[in-house]
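For reference, the structure discussed in these notes is given below.
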Amino acid sequence: MTQLDVRVGTPLAEVETPALILDLDPFERNVAKMANYAKSVGVGLRPHAKTHRCPMIARKQIEHGAIGLCCQKVGEAEALVAAGVRDVLVSNEVLDIRKLRRLAQLAKIATISLCFDAPEQVEAASQAAQELDVVLGALVEIDMGMWRCGVAAGEAAAALAQRIAAAPGLRFLGLQAYEGKAQHLASYEERKLAIEHAAASVRLSISAIERTGLKCLVVGGGGTGTFRLEGESRLWTELQCGSYIFMDGEYAAIVGVDGKPYSEFEQSLFVLTTVMSATAPGRAVLDAGLKSYTLEKGLPGVLGRSDMRLVAASDEHGTLLLPPGTTLPLGTQLKLIPSHCDPTVNLHDVIVCVREGIVEALWPVAARGASL
């Protein structure tokens, strides 16, 4: 594998491009702000590691008071536990007995929990836990209208909770109630209404479960776009926000409670790129393309340059449209703002951490590509 040629102490202007850059000052403020908020409202913070897939960032979050991490894949959980994280929720359904055995193996040295929406998953997880003589935590995931995973709120959730409680090797903890589609609704009022609907489903499910004699100790969910709504609801006990540490173009497109652009957290993640060609007026070509950032949420923005924009991207090139009369000399460096931070990080082996224009640290994306 070709490694990025960069060392601690290197000036940003000398960093080889394209590179994934983390501005440490805003990053650290973001980490502290969310941690302080969770503490202020008395809820646990379990940041989502699918955003960064980076053990060093997980450690920073734990140092600031996170009760653990959540992730989506078993491979991510393995990377976190190997780095010393001792409480991991796989906020996803796992059916494959081989993967469940891997989780059960992790449970020998860490607290491991996962989500369920079908009896078959319960049976398989119970088998793996018994084989390795461990206990796995279990949350019933309820359908929040995402057309994804989750049982119907209410009686269906209660029936599955009972199934879990009766399964050897599993410990019923509560509910997984993540309202993902609410995170990027444009207006605060839209997001507020979506979380109110989600809260109704949570209440319905808690009531049905408690009628069976079980208790919901945990209600997990919450995201960067709605964290205050879940945090102040007195329903959610854990916040699973992820993007707040980096931010991206998708979050820049929503507005806050004051009707102004959303400004809860600062942009800290960038793709550093260089002008490699400028053969036509009004156009420059960058050395960062689809292998450096994802486009499913749109093209990246250009930091500090609202007068120019990316108009096209191919595997290794980004085409930048310039205003009339503007030129960019070859070798000019620019910082791109990813439209979606999570999958952009997954395209890079290392995060180049910079403070005041100097490389301070290199953090491996240890769980990159951990899709199993």
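The values are calculated or read from the model by the stated rules, or taken from the named source; none is laboratory data. Small disclaimer: the values here were computed from a predicted structure and weren't measured. For neighbour counting, all protein chains shown are included, and Cβ atoms are generated from backbone atoms with ideal geometry for every residue, glycine included.
A few comments on the model shown:
- Filter result for residue 239 (outside the structural domain of residue 44 (by TED's automatic domain parsing) and either more than 30 Å from residue 206 (Cβ to Cβ) or touching a residue at least 40 places away in the same chain (Cβ under 8 Å) (or both)): no
- Count of segment 129-156 residues which are surrounded by fewer than 18 Cβ atoms within 10 Å (Cβ to Cβ) and of a type in the set (Gly, Ala, Ser): 4
- Inter-residue pairs, beta-carbon under 7 Å, first over 12 Å from residue 111 (Cα atoms) and in segment 128-144, second among the β-branched types (Val, Ile, Thr) and assigned to a loop (DSSP other than H, G, I, E, B), 6+ apart: 129/135
- One residue alone among 73, 50, 39 is in contact with a Ser or Thr (Cβ under 9 Å, 6 or more places away or on another chain), of a type outside the set (A, V, I, L, M, F, W, C) and closer than 19 Å to residue 225 by Cα, and that residue is 50.
- Cross-chain or 6+ apart pairs with Cβ under 9 Å, segment 161-172 first and at positive phi, then among the aliphatic types (A, V, I, L, M) and in a loop (DSSP other than H, G, I, E, B): 169/132; 169/134; 169/135
- Taken as a whole, the structure leaves residue 118 outside the set of residues that are more than 28 Å from residue 156 (Cβ to Cβ), at pLDDT 95 or above, surrounded by fewer than 21 Cβ atoms within 10 Å (Cβ to Cβ) and among the hydrophobic types (A, V, I, L, M, F, W, C).
- Residues that are in contact (Cβ under 8 Å) with a residue 40 or more places away in the chain and either outside the structural domain of residue 208 (by TED's automatic domain parsing) or of a type in the set (S, T, N, Q) (or both) do occur in segment 113-121, at least one of them.
- Residue 127 vs. criteria under 30 Å from residue 257 (Cα atoms), in contact with a helix residue (DSSP H, G or I) (Cβ under 9 Å, 6 or more places away or on another chain) and assigned by TED's automatic domain parsing to the domain that holds residue 210: no
- For segment 62-81, a residue qualifies if it is farther than 13 Å from residue 372 by Cα and in contact with a helix residue (DSSP H, G or I) (Cβ under 6 Å, 6 or more places away or on another chain), and the qualifying residues are 64, 65, 69, 80, 81.
- Of all residues in segment 178-194, those that are under 19 Å from the mean Cα position of the chain (by Cα) and outside any loop (DSSP other than H, G, I, E, B) total 4.
- When residue 153 is tested against (1) of a type in the set (Gly, Ala, Ser); (2) in a loop (DSSP other than H, G, I, E, B); (3) on the phi > 0 side of the Ramachandran plot, exactly one condition is not met: (3).
- Residue within segment 289-304 that is out of contact with any Pro (no Cβ under 8 Å at 6 or more places or on another chain), polar (S, T, N, Q) and under 27 Å from residue 47 (Cβ atoms) present: no
The rows are residues; the columns are (1) under 24 Å from residue 29 (Cβ atoms); (2) assigned to a loop (DSSP other than H, G, I, E, B); (3) at pLDDT 95 or above.
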| position | (1), (2), (3) |
| --- | --- |
| 325 | no, yes, no |
| 328 | no, yes, no |
| 335 | yes, no, yes |
| 339 | yes, yes, yes |
| 342 | yes, no, yes |
| 347 | no, yes, yes |
| 353 | yes, no, yes |
| 363 | yes, no, yes |
| 370 | no, yes, no |
